[in-house]
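Novice: Quick one: the structure is below, questions incoming.
What follows is calculated from the coordinates using simple rules that are stated; it is not laboratory data. Note that the structure is a prediction, hence the values are computed from the model and not measured. All Cβ positions, glycine included, derive from the backbone under ideal geometry; neighbour counts span all protein chains shown.
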Amino acid sequence: MTIRHKNHHLLERNGIWHFNRRLPGGMRHQRYSLKTRNIEEARRKRDRLLTKWDEFANRVAEHSDVVTLRRQYLGLFHDDEREFFEDLIIEKSEELADQLGTWRELKSLRPTEETSTKAQKPVRFWQTATGRLTPLIDLTPAWLVTLENKKTRADYRRGMDILSKHFAATEEITWDKARAYLRLVEATRNVSGATIRKWVSGYINFWEHYEKDTSVWRNHKLQKTRTIAKRAWSSEEVAMLYRELGKQEHWLQLPLWIAAHTGARMGASAIAKEMGIGRASVYRALGF
């Protein structure tokens, strides 16, 4: 067992004691004044700092969940604590690179954007954990669970699915890009103006949750009225859906049969709630 010197991590400069520690993952050192000339007091302050650093290290080691690490990192208020916590996150991202077999590629002089998708994962992990990047796909699930209303979650999830097909992270979306995106959605997606406005509310909620500038989604002119023409299901389509639901032993088989015999509108049936109002959504849900 190695016995450390009683003044380990202490450095005297001009009569003032400093805390001095090598940061993980390299040769850089963290050093700052303990603001005391008394060696006993310096040792006590050092011990308190070491205890805190060990707690940080344990928290990082325990959580591979990038959302949890992000929350803990952004919850720190002191620069020195953030610096140490970030170095631990970098160390964890390097462990991920080693597991993926991309450590050499990651450490090459090539720009990150020119490396393989697998090599970019550790960088993305570090950027997300430290709040530098807010990827839509990675962070949407953690945001959705904070919403109490099930219908709202479903609506917002669909809006985020559409948004993530056009953008990877919040940081790349400007007001002009948001406007172009909304115009494209209005022109190409078979959805009502009310649905698009609901999606925009979801985007604002997501940006607020991750403390991003919501102004990119505000003051856009959206269509006030637009109705979606729906045609009735044919007898053949109803029979086909009934057969497929029966094969899957899906609970919607009986509601479908009831709707077919009573003339219930699709929006009033359980099918709409489970699979979405559009017929394409139903087909996709059944594997067609």
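Novice: Grab the beta carbon distance between ALA187 and LYS35, set R0 = 51 Å, and tell me the FRET efficiency rounded to 0.05.
Specialist: 0.20
Novice: First measure r as the distance between the Cβ atoms of ASP176 and ASP65, then evaluate 1/(1 + (r/R0)^6) with R0 = 30 Å and state the FRET efficiency to the nearest 0.05.
Specialist: 0.30
Novice: From the cross-link list LYS177/LYS198; LYS198/LYS221; LYS118/LYS165; LYS121/LYS177; LYS150/LYS212, which pairs have alpha carbons spaced over 22 Å apart?
Specialist: Table pairs above 22 Å Cα-Cα are LYS121/LYS177; LYS150/LYS212.
Novice: Amide H to amide H under 5 Å from TYR210: which residues, 5+ apart in sequence or cross-chain, H placed 1.01 Å off N in plane?
Specialist: none
Novice: If you don't mind, there's one more thing I want to ask. If you plug each phi of segment 240-254 into the Karplus form 6.51 cos²θ - 1.76 cosθ + 1.60 with θ = phi - 60°, what whole-Hz ³J(HN,Hα) values come out, in order, with x for Gly and Pro?
Specialist: 5, 4, 4, 5, 5, 5, x, 4, 7, 6, 7, 5, 6, 4, 5
Novice: Let me ask you something else. Starting from the 7 Å offset along Cα-to-Cβ, what nm value, one decimal, do you get for the label separation of LYS6 and GLU211?
Specialist: Those two pseudo-labels are separated by 4.2 nm.
Novice: Then there is this: Counting residues in segment 104-203 as N, plug N into 2.2 N^0.38 Å and put the Cα Rg over that result.
Specialist: Compared with the compact-globule rule of thumb, segment 104-203 sits at 1.28.
Novice: Once the piece of chain linking GLN248 and ARG157 is laid out straight, how much longer is it, given 0.36 nm per residue of separation minus the C-alpha distance between them?
Specialist: Result: 30.3 nm gained on full extension.
Novice: Using the crude model of +1 on Lys and Arg Cβ and -1 on Asp and Glu Cβ, and no other charge, please compute the dipole size for segment 136-217 relative to its Cα centre, in debye to 20.
Specialist: Approximately 480 debye in magnitude.
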